[in-house]
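Undergrad: The structure follows.
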Amino acid sequence: MAITITKDNFAAEVEQAQGTVLLDFWASWCGPCRMLSPILDQLADERSDIKLGKINVDEQPELASRFDVMSIPTLVVYKNGQKVNEAVGLMPKEQVAALLD
């Protein structure tokens with residue numbers, strides 16, 4: 001299950017988290033974001049070792065700016081509080097899974 005990430009809980013949920021956090025930068029008006037969302041939810045359900053965080057770029061412009069998000073969907077992977085990977089655009093489940101390893 002995904003959690004909503006905001007500027008207020010980012011440090012606690014992402015930077016201080018142990019393990020893998022997959023951040024999904026999205027917006028409700030973005031078609032590819034809506035297509036990617038169920039893929040991410042399925043992956044999070046299948047893998048107990050990842051935490052899925054969703055960041056609505058319209059509601060959290062500070063976080064979008066911090067990560068230089070110019071296109072959505074953008075996925076960012078953190079491991080033990082450190083950014084380790086990033087990808088932009090709609091992709092199949094296998095490609096998302098590869099980002100996590």
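The values are calculated or read from the model by the stated rules, or taken from the named source; none is laboratory data. Nothing here was measured: the structure is a model prediction, and the numbers come from that model. With ideal geometry, Cβ positions are generated from the backbone for all residues, glycine too; neighbour counts draw on all protein chains shown. Heads up: the accessible areas ignore ligands, DNA and RNA and are worked out on the full protein's heavy atoms, side chains in. Shrake-Rupley method; radii C 1.70, N 1.55, O 1.52, S 1.80 Å.
Undergrad: Sort out which residues of the range 27-38 are closer than 16 Å to Gln95 by Cα and open to solvent by less than 40 Å² (accessible area, probe 1.4 Å), and write them in order of number.
TA: Correct list: Cys33, Leu36, Ser37.
Undergrad: How many residues, within the range 3-18, are open to solvent by 30 Å² or more (accessible area, probe 1.4 Å) and not in a helix (DSSP H, G or I)? Please lay out each step first, then the result.
TA: Taking the range 3-18 as the starting set, the residues that turn out to be open to solvent by 30 Å² or more (accessible area, probe 1.4 Å) are 3-4, 6-9, 11-13, 15-16, 18.
Applying the additional criterion that residues be not in a helix (DSSP H, G or I) yields 3-4, 6-9, 16, 18.
Adding up the residues that qualify gives 8.
Undergrad: Let me ask something else. Pick from Asp41, Asp24: which is out of contact with any Lys or Arg (no Cβ under 9 Å at 6 or more places or on another chain) and either open to solvent by less than 20 Å² (accessible area, probe 1.4 Å) or part of a helix (DSSP H, G or I) (or both)? Steps first, answer last, please.
TA: Details: Asp24 fails: out of contact with any Lys or Arg (no Cβ under 9 Å at 6 or more places or on another chain).
After ruling out the rest, the residue left standing is Asp41.
Undergrad: Sticking with this structure for a sec: Filter the range 60-81 for residues that are closer than 18 Å to Pro32 by Cα and outside any helix (DSSP H, G or I) and give the result.
TA: Once the filter is applied, which keeps residues that are closer than 18 Å to Pro32 by Cα and outside any helix (DSSP H, G or I), the range 60-81 yields Val69, Met70, Ser71, Ile72, Pro73, Thr74, Leu75, Val76.
Residues are listed down the side, and each one gets a yes or a no for (1) within 15 Å of Ala2 (Cβ to Cβ); (2) touching a Ser or Thr at 6+ places or on another chain (Cβ under 9 Å):
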{"position": "Val69", "(1), (2)": "no, no"}
{"position": "Leu75", "(1), (2)": "yes, no"}
{"position": "Lys83", "(1), (2)": "no, no"}
{"position": "Val88", "(1), (2)": "no, yes"}
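Undergrad: Is one or more of the residues making up the range 56-72 open to solvent by less than 20 Å² (accessible area, probe 1.4 Å), closer than 15 Å to Asp101 by Cα and of a type outside the set (Asp, Glu)?
TA: No, every residue in the range 56-72 fails to be open to solvent by less than 20 Å² (accessible area, probe 1.4 Å), closer than 15 Å to Asp101 by Cα and of a type outside the set (Asp, Glu).
Undergrad: A further question follows. When residues of the range 82-101 are filtered for being assigned to a loop (DSSP other than H, G, I, E, B) and either open to solvent by less than 80 Å² (accessible area, probe 1.4 Å) or modelled with pLDDT of 95 or more (or both), how many remain?
TA: Just the residues of the range 82-101 that are assigned to a loop (DSSP other than H, G, I, E, B), to begin with: 89-92, 101.
Pick out the ones that are also either open to solvent by less than 80 Å² (accessible area, probe 1.4 Å) or modelled with pLDDT of 95 or more (or both) and you get 89-92.
Adding up the residues that qualify gives 4.
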